[in-house]
Amino acid sequence: MPKMKTHRGSAKRFRVTGTGKIMRSKAFKSHILEKKSQKRKRNFRHETEVSQADYKVIARSLGLR
């Protein structure tokens with residue numbers, strides 16, 4: 001059976017940590033920023049872990065497992 005290819009769109013959006021967690025960036029950071037508070041915009045900078053509901057699908061698209 002051939003090797004699985006990495007979904008290139010997913011590879012640009014997600015990052016795998018050394019411990020195997022899949023990290024994603026937060027949404028709502030791109031535009032209409034005037035009405036958002038400074039604190040809210042600052043918190044968009046940090047990555048968060050992908051939810052368990054999405055983990056299996058994303059892991060497969062990244063070529064894990």
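Summary table below
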quantity: Residue list for the stretch 10-34, restricted to those being under 13 Å from A59 (Cα atoms) and exposed (fewer than 12 other Cβ atoms within 10 Å of the Cβ); calculated: T17, G20
quantity: Boolean, S37 is open to solvent by less than 100 Å² (accessible area, probe 1.4 Å) and touching a residue at least 40 places away in the same chain (Cβ under 8 Å); calculated: no
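The values are calculated or read from the model by the stated rules, or taken from the named source; none is laboratory data. As the structure is a prediction and not an experimental result, all values here were calculated from the model. A quick note on method: Cβ atoms are made from the backbone with ideal geometry, for glycine too, and the neighbour counts reach across all protein chains shown. Note: accessible area is taken over every heavy atom of the protein model, side chains too, but ligands, DNA and RNA are not part of it. Shrake-Rupley method; radii C 1.70, N 1.55, O 1.52, S 1.80 Å.
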